[in-house]
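Here is the structure we will look at.
The values are calculated or read from the model by the stated rules, or taken from the named source; none is laboratory data. All of these numbers come straight from a predicted model, not from anything done at the bench. Reconstructed Cβ throughout: ideal geometry from the backbone, glycine too, with neighbour counts over all protein chains shown. Ligands, DNA and RNA are stripped out before the accessible areas are found, and what is left, the full protein with its side chains, is counted by its heavy atoms. Shrake-Rupley method; radii C 1.70, N 1.55, O 1.52, S 1.80 Å.
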Amino acid sequence: MCSARGCRQAAVWALRWNNPKLHTPERRKIWVACDDHREHLEEFLSLRGFLKDTVRTEELA
């Protein structure tokens, strides 16, 4: 399910990120997003310098 607040759509994107002040460089946290919220969540993470990459959720398996 999408990580955007209040969204109940199926997630199809995995946004891999880390906060360099808290996490080791190789660690990746994951937010998942539907098509409608992908850009918004990527922008939020990118503005903070946290976003590492975005892949389709099926690539996580």
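For the chain, the solvent-accessible area of protein heavy atoms averages 71 Å² per residue (probe radius 1.4 Å; ligands and nucleic acids excluded). Just to confirm the number: angle between the C-alpha axis of helix 38-47 and the first principal axis of the chain, 0 to 90 degrees, nearest 10? Roughly 20 degrees, rounded to the nearest 10.
Shown for the chain: the carbon plus sulfur share of the solvent-accessible area, taken with all protein chains present and a 1.4 angstrom probe, equals 49%.
Ordering 34-40, 12-18 by mean Cβ neighbour count within 10 Å, with the highest value first, yields 12-18, 34-40.
Residue-wise HN-Hα couplings along region 21-37, as the Karplus relation 6.51 cos²θ - 1.76 cosθ + 1.60 with θ = phi - 60° gives them from phi, are 6, 10, 10, 5, x, 7, 6, 10, 8, 10, 10, 10, 9, 7, 4, 5, 10 Hz; Gly and Pro carry x. Fully extending the segment from A61 to E26 would add 10.8 nm, taking 0.36 nm per residue of separation and subtracting the current Cα-Cα distance.
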